[in-house]
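For reference, the structure is listed below as structure tokens.
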Amino acid sequence: MNIEELSKSQLILLTILVNFVTSVATGILTVSLLDHAPAFVTQTVNRVVEHTIETVAAAAPAAVVQAPAAPAPSNQDLVTTAISTDATRIVAIYAAGTGTSTPAISIGTYLPKSRAVVTTAQDVLPKQALIGFPDGSYSAASLSREGKGIAIYGFADGAVLPNTNSPLLIASNNLKLGETVLALSTDGSASTGIVARIGDKGVYTTLPDTGVGSAAVDLEGNLIGIAEGSTPGLFISAGTIIDILSATSTVSTSTAAVSTSTVSN
């Protein structure tokens, strides 16, 4: 066949074939020559090849391997986690004289960092109390501070208390209208709502009547307020709790020898 009669596609295929055969022949010839070449020639060729590989590898950008991002928690996950966290801090308040032989007088919220229990001030609250924790343990406490509708119990310095997550106290000026709030009622039922209004008496929410002394928390489980009791959905702001914890006066000089320094925030 005359080469001039070949089509363009055939010419291209012929060129590729010739190049392939030439490359194979060159490789075979090079290997054969290296087998018979002096040692220093072989070493020089190897060094050139190694240097070329190192140069190309250094110039090539390293592949960046990124771990897949963890999925953001859903709103349901946030709610259930916050409720579970709040449940670990709810305590029952008993009169020290009768202990658990009579029903709890009130419920409160344990503040581990301050070694204190906060609840709504009531006439029925005893000066000396027995605090029942969610883990089944009990500890004696004394009413150490009271004011602005809030009562705080403190523990003796040597009292062994449960180790649980300590909430942040969120003052009302850090809240936003429409922010989600959660609460556990005195009967143990959970409820969700939003911040509806912030007033002089505290934080008004759309939560139902959760019972006096119950706590309202945000989606991170931080304390927003304590249920005032007379108005459903009204919580005494956590900012008030901060003020009471920071006060220097106390309401009890009982024989329980509770150190007032243990309830400082």
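Only the coordinates and a few stated rules stand behind these numbers; no lab work does. The model shown is predicted, which means the values in this text are computed figures rather than measured ones. Because the Cβ atoms are built from the backbone with ideal geometry, glycine has one as well, and the counts that use them run over all protein chains shown.
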**Message:** For a Förster distance of 35 Å, can you work out the FRET efficiency between the beta-carbons of SER189 and ALA159, rounded to the nearest 0.05?
**Reply:** 0.70
**the range 117-132 - phi-based ³J(HN,Hα) in whole Hz, Karplus 6.51/-1.76/1.60, Gly and Pro as x** = 10, 10, 8, 7, 5, 9, 5, 7, 5, x, 5, 10, 9, 10, 9, x
**Efficiency of FRET between LYS148 and ALA69 - r from beta-carbon atoms, R0 51 angstrom, step 0.05** = 0.70
**Message:** Of VAL217, THR119, SER191, which is farthest towards the positive pole of the range 68-265's charge dipole, taken about the Cα centre with +1 and -1 on the beta-carbons of Lys, Arg and Asp, Glu respectively?
**Reply:** THR119
**Asked** To the nearest 20 debye, what is the magnitude of the charge dipole of the range 68-265 about its Cα centre, counting +1 on the Cβ of each Lys and Arg and -1 on the Cβ of each Asp and Glu?
**Response** 320
**Fill in**
Residue span ILE12 to ALA25: 0.36 nm per residue of separation minus Cα-Cα distance leaves a gain in nm of 2.7 nm
**Request:** For each of SER191, SER84, SER214, SER166, count neighbouring Cβ atoms within 10 Å of the residue's Cβ, then give the residues from fewest to most.
**Result:** SER84, SER166, SER191, SER214
**Complete:** The lysines whose Cα lies under 29 Å from the Cα of LYS113, excluding any fewer than 8 residues away in the same chain, are LYS127, LYS148, LYS176, LYS201
**Asked** If r is the Cβ-Cβ distance from GLU220 to THR102 and R0 is 30 Å, what FRET efficiency results, to the nearest 0.05?
**Response** 0.25
**Prompt:** Where the eigenvalues come from the Cα gyration tensor of the range 57-182, what are the semi-axes √(5λ) of the equivalent ellipsoid, largest first, in whole Å?
**Reply:** 43, 18, 14
**Item:** Square roots of five times the Cα gyration tensor eigenvalues for the range 68-265, Å
**Value:** 27, 18, 16
